[in-house]
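Working notes for the structure below.
What follows is calculated from the coordinates using simple rules that are stated; it is not laboratory data. This one's a predicted model, so the numbers in the text were calculated from it and none came from an experiment. So basically every Cβ, Gly included, is an ideal-geometry build from the backbone, and we count neighbours across all protein chains shown.
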Amino acid sequence: MLRDILVATTNPGKIKELRFMLGHEANWLGLADVGIDMEVEEDAKTFSGNAQKKAMAYAKASGLWTLSDDSGLVVDVLGGQPGVLSARFSGVQSSDRSVVDQKNCEKLLSLLEGISALERTGRFMCCICVASPDVVLIETQGTVEGLIAQEPFGHGGFGYDPIFYLPEYGKTMAELGSAEKNAISHRGNAIKALKPLLGEQLKCG
């Protein structure tokens, strides 16, 4: 019998992605499936800290193993900004995520004005944590390196994808197809690292 694992998200796309990449090793549930409506404040100073905090909080609330992730963009010349503040970097609040994404990109580009192409290095980072109600079981991390473009290109993806340029592809993340993006993305790499470790935990637990 498959173990139920809660995914600490209300985003059905994330659950679909996990099912696709991890196969049917578990029965993946969203917060809505278990009737949990609480929000956990992401106030840790690292992606790992936020992923752990959310996984433990939702695992305790549900009694289920819980998978959580935290991710964002780190730009070297800005000392690691926007980092854990990636999703709310501009300070703009809106129920329309595309508006927030656009404002975040605009703020980042304004901070990088006058910075040469070779100095605009950065990476997307993703930390994944799986926890039981009592203990952290697994932690993995994935990254993808790139450059911050001078202006947005492409209409796919979300967040900073339109300004995250991949030199080896000659495209921004927003110009890649979803399958191509999943194969190289920070979240995809973190999930790939998770798969064998989760298999071992499921055998033991």
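One residue stands out in the stretch 185-205 among those that are among the hydrophobic types (A, V, I, L, M, F, W, C) and within 13 Å of the chain's Cα centre (by Cα): the one that is nearest to Ser71 (Cα to Cα), namely Ala190. The set of residues in the stretch 80-97 being surrounded by 11 or more Cβ atoms within 10 Å (Cβ to Cβ), part of a loop (DSSP other than H, G, I, E, B) and small (Gly, Ala, Ser) consists of Gly80, Ser90, Ser94. Sub-8 Å Cβ pairs linking a first residue in the stretch 189-205 that is in contact (Cβ under 8 Å) with a residue 24 or more places away in the chain and over 13 Å from Thr143 (Cα atoms) to a second residue that is among the aliphatic types (A, V, I, L, M) and in a helix (DSSP H, G or I), at least 6 apart or interchain, are Leu194/Leu22; Lys195/Met21; Lys195/Leu22; Leu198/Leu22, ordered by first then second residue. Inspect all residues belonging to the stretch 68-78 and state whether any of them is outside any helix (DSSP H, G or I), touching a His at 6+ places or on another chain (Cβ under 7 Å) and of a type outside the set (Phe, Trp, Tyr). For the stretch 68-78, residues outside any helix (DSSP H, G or I), touching a His at 6+ places or on another chain (Cβ under 7 Å) and of a type outside the set (Phe, Trp, Tyr): present. Within the group Gly154, Gly159, Gly142, which residue is out of contact with any strand residue (DSSP E or B) (no Cβ under 7 Å at 6 or more places or on another chain) and either buried (at least 18 other Cβ atoms within 10 Å of the Cβ) or in a loop (DSSP other than H, G, I, E, B) (or both)? Exactly one residue qualifies, and that residue is Gly159.
Of all residues in the stretch 8-64, those that are part of a helix (DSSP H, G or I), more than 21 Å from Asn182 (Cα to Cα), of a type in the set (D, E, K, R) and within 16 Å of the chain's Cα centre (by Cα) total 2. Residue count for the stretch 146-166 satisfying the condition of being under 19 Å from the mean Cα position of the chain (by Cα) and among the acidic types (Asp, Glu): 1.
Scanning the stretch 3-25 for residues that are surrounded by fewer than 15 Cβ atoms within 10 Å (Cβ to Cβ), in contact (Cβ under 8 Å) with a residue 40 or more places away in the chain and touching a Leu at 6+ places or on another chain (Cβ under 7 Å) yields a total of 1. Of all the criteria given as (1) more than 17 Å from Phe20 (Cβ to Cβ); (2) of a type in the set (Ser, Thr, Tyr); (3) in contact (Cβ under 8 Å) with a residue 40 or more places away in the chain, the one not satisfied by Thr172 is (3).
Between Ala190, Ala149, the distinction of being under 30 Å from Lys60 (Cβ atoms) and among the aliphatic types (A, V, I, L, M) belongs to Ala190 only.
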